[in-house]
Amino acid sequence: MEIFLTALFIILGFTAFYLFHQRRDPQNPPCISGWIPWIGAGFKFGEAPLEFIEQARIKYGPVFTVFALGNRITFVTEEEGIDVFFKSKDINFEHSVQELIEKIVSVPKDIFFSFHGILYGLMKNKMRISHLYQFTEKMVEELHEQLETLGTDGKNDLFNLVRNSLYPVTVNFVFGKGLYPITHKKIVEFHEHFQNFDEGLQFASQMPECFIRNWSKSKKWFLTLFEKSIPDLEKYKPSDDDSLTIMQLITNALRQGTSEHKAPNYALLMLWASLSNLATVACWTIMFILHNPSVYKNVMEGIVSVFGEAGKNNIKISEKDLKKLPLIKWCVLETIRLVSPGIITRKVMEPMKILSYTIPAGDILMLSPFWIHRNPKYFPEPELFKPERWEKADLEKNASLDCFVAFGGGKYPCPGRWFVLLEIEIFVALLFYKYQLHLVDPFPKQSLKQLMGVQRPVTSCRVEYKCRK
Ligand code: HEM
């Protein structure tokens, strides 16, 4: 009986594989399908996804398809494909992320599709650059408070230092005061659960929740926290609607559509989106600056020219001051270029052309910011940290460098991009004004494991700091 079943499975498998290949239109891009039915190239892709993508590009050219876990995933790697990815009317963002959102924060399909456009509009408006500068003063004050806790000198894990400063400020901005814990014990608990949730998310997107107990526990912890705290966060009523927090705006919109009960799930999504990449990018930025002495020197010269010599307490930072410190912004952008997310996705809704290929409807279309930023055609000497390359970008007009796609693009680019740039710029300016720093440990390598988020350092890195006199 057992032999019979095995034989049957093999025959069915080969038949499915044969049929799949028969169905392939010769005009479709080259396809890497592996030999195991349904799984396809899933194992090889899953082992080291970023390396896999680059090797496939070198072997198969700028457009290729990977068949994995029953999905056809078509990668575009050069400008013609990037253009289609962001501009074609035949591709769709919402259909490419809906299942993921349902899996990770349990927002049902119908609610997601009804609210995505409305909620995106609210976030985009709230975090538009012209609107953000009014929060600068508050952000500076709160960052000062956090930096006070460092004392006059010390040695600390850089990620911890950054996280302790940026998480509360960001949570206060997105949710309002009252959510972020204040006692040491509760803060540690919050950090542990967030780390579990964040680090397990890539697995969670592929597997049923019952297989990832730790991740599931932290998800529930946050949902319970939000269920309890959202009514309190709602009580705080600012004088004008313009000052409502992002979470208040989201809850109001859900309430009008009678889907208020999903507010905790959206809160978890917002928490993840706002914190996940933020501290890692800030940490890399500081490491890149300190690792490049000439950049560090120039950053410090800029800071001294704007704020004067050290010694003053609690300097204020205005929009005007930041405009005089373009190098810090270039450093943040150059860092993001180098550690960008592994992939962003869209769904092909109607068959469409890229170069000479026809991409069938139903394909998942993927683009890798990480690798596009390493193509010397678009970024000469791509592996080098060269903040000065950003001099060419018209940042005053909020333009970027061609082919810089770390924040996505098209109809739904990252709505938090201006916020994250502003917060890290201010943080770096304050930290470097206040302290002289150096890296204690070797400059870490990148993990190259992150598909959805920015690359993490493989090893931790301590920093030694001392008040500047
Ligand atoms: C360096 C840090 C960040 C990076 C690299 C980043 C990158 C991205 C990318 C690539 C996307 C998908 C865009 C697309 O597919 O076209 C995205 C979406 C999103 N990001 Fe960010 N992001 C960052 C920080 C933030 C922050 C700080 C917030 C909130 C305060 C935020 C909120 C969001 C949200 C809500 C979405 C989903 C938008 C939608 O549903 O249409 N991000 N981000």
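The values are calculated or read from the model by the stated rules, or taken from the named source; none is laboratory data. The structure displayed is predicted, hence computed values, not measured ones. A quick note on method: Cβ atoms are made from the backbone with ideal geometry, for glycine too, and the neighbour counts reach across all protein chains shown.
Of the residues making up the range 225-263, those that are within 18 Å of HIS116 (Cα to Cα), in a helix (DSSP H, G or I) and not basic (Lys, Arg) number 13. Whenever a residue of the range 137-152 is under 23 Å from LYS320 (Cα atoms), its partners that are among the basic types (Lys, Arg) and surrounded by fewer than 19 Cβ atoms within 10 Å (Cβ to Cβ), lying with C-beta atoms within less than 8 angstrom and at least six residues away or across chains, give the pairs GLU137/LYS316; VAL140/LYS316. Sub-9 Å Cβ pairs linking a first residue in the range 269-283 that is closer than 14 Å to LEU161 by Cα to a second residue that is within 7 Å of the ligand (Cβ to nearest atom) and outside any helix (DSSP H, G or I), at least 6 apart or interchain, are LEU278/GLY416; THR280/VAL454; VAL281/VAL454, ordered by first then second residue.
Tally up the residues in the range 70-90 that are in contact with a Phe, Trp or Tyr (Cβ under 7 Å, 6 or more places away or on another chain) and of a type in the set (A, V, I, L, M), please. The qualifying residues number 1.
The residue that is surrounded by the fewest Cβ atoms within 10 Å (Cβ to Cβ), among those in the range 353-396 that are touching a Pro at 6+ places or on another chain (Cβ under 6 Å) and more than 17 Å from PRO341 (Cβ to Cβ), is PRO376. If you check ARG57 against the conditions, is it assigned to a helix (DSSP H, G or I), touching a residue at least 24 places away in the same chain (Cβ under 8 Å) and more than 12 Å from the ligand (Cβ to nearest atom)? For ARG57, the condition - assigned to a helix (DSSP H, G or I), touching a residue at least 24 places away in the same chain (Cβ under 8 Å) and more than 12 Å from the ligand (Cβ to nearest atom) - is met.
Condition check ((1) in contact (Cβ under 8 Å) with a residue 60 or more places away in the chain; (2) out of contact with any Gly (no Cβ under 7 Å at 6 or more places or on another chain); (3) of a type outside the set (D, E, K, R)) across all residues:
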{"site": "MET207", "(1), (2), (3)": "no, yes, yes"}
{"site": "LYS235", "(1), (2), (3)": "no, yes, no"}
{"site": "SER243", "(1), (2), (3)": "no, yes, yes"}
{"site": "THR285", "(1), (2), (3)": "yes, yes, yes"}
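Exactly one residue out of ILE230, ILE212 is of a type in the set (A, V, I, L, M), in contact with a Phe, Trp or Tyr (Cβ under 8 Å, 6 or more places away or on another chain) and over 23 Å from GLU423 (Cβ atoms): that is ILE212. When the range 233-279 is filtered for residues that are among the aromatic types (Phe, Trp, Tyr) and more than 15 Å from the ligand (Cβ to nearest atom), only TYR236 remains.
Among the residues of this structure, PHE427 does not count as one that is at pLDDT 95 or above, away from the ligand (no atom under 16 Å from the Cβ) and aromatic (Phe, Trp, Tyr). For ALA399, are the conditions met, namely being away from the ligand (no atom under 13 Å from the Cβ) and exposed (fewer than 15 other Cβ atoms within 10 Å of the Cβ)? For ALA399, the condition - away from the ligand (no atom under 13 Å from the Cβ) and exposed (fewer than 15 other Cβ atoms within 10 Å of the Cβ) - is met.
Residues that are free of Cβ contacts under 8 Å to residues at least 24 places away in the same chain and assigned to a helix (DSSP H, G or I) occur at least once in the range 378-393. If you go through the range 402-418 and pick out every residue that is more than 8 Å from the ligand (Cβ to nearest atom), crowded, with 19+ Cβ neighbours inside 10 Å and part of a loop (DSSP other than H, G, I, E, B), you end up with 1. Total residues in the range 158-203 satisfying the condition of being touching an Asp or Glu at 6+ places or on another chain (Cβ under 6 Å) and free of Cβ contacts under 8 Å to residues at least 24 places away in the same chain: the figure is 0. When each of ILE315, ILE303, ILE344 is tested for being at pLDDT below 95, over 15 Å from LEU395 (Cα atoms) and buried (at least 17 other Cβ atoms within 10 Å of the Cβ), the lone residue that passes is ILE315. Restricting attention to the range 118-136 and to residues that are near the ligand (Cβ under 9 Å from one of its atoms) and touching a Gly at 6+ places or on another chain (Cβ under 9 Å), the residue that is nearest to ALA253 (Cα to Cα) turns out to be MET123.
Which of the residues spanning the range 134-144 are within 18 Å of PHE307 (Cβ to Cβ) and modelled with pLDDT under 95? Hits for the range 134-144 are THR136, GLU137.
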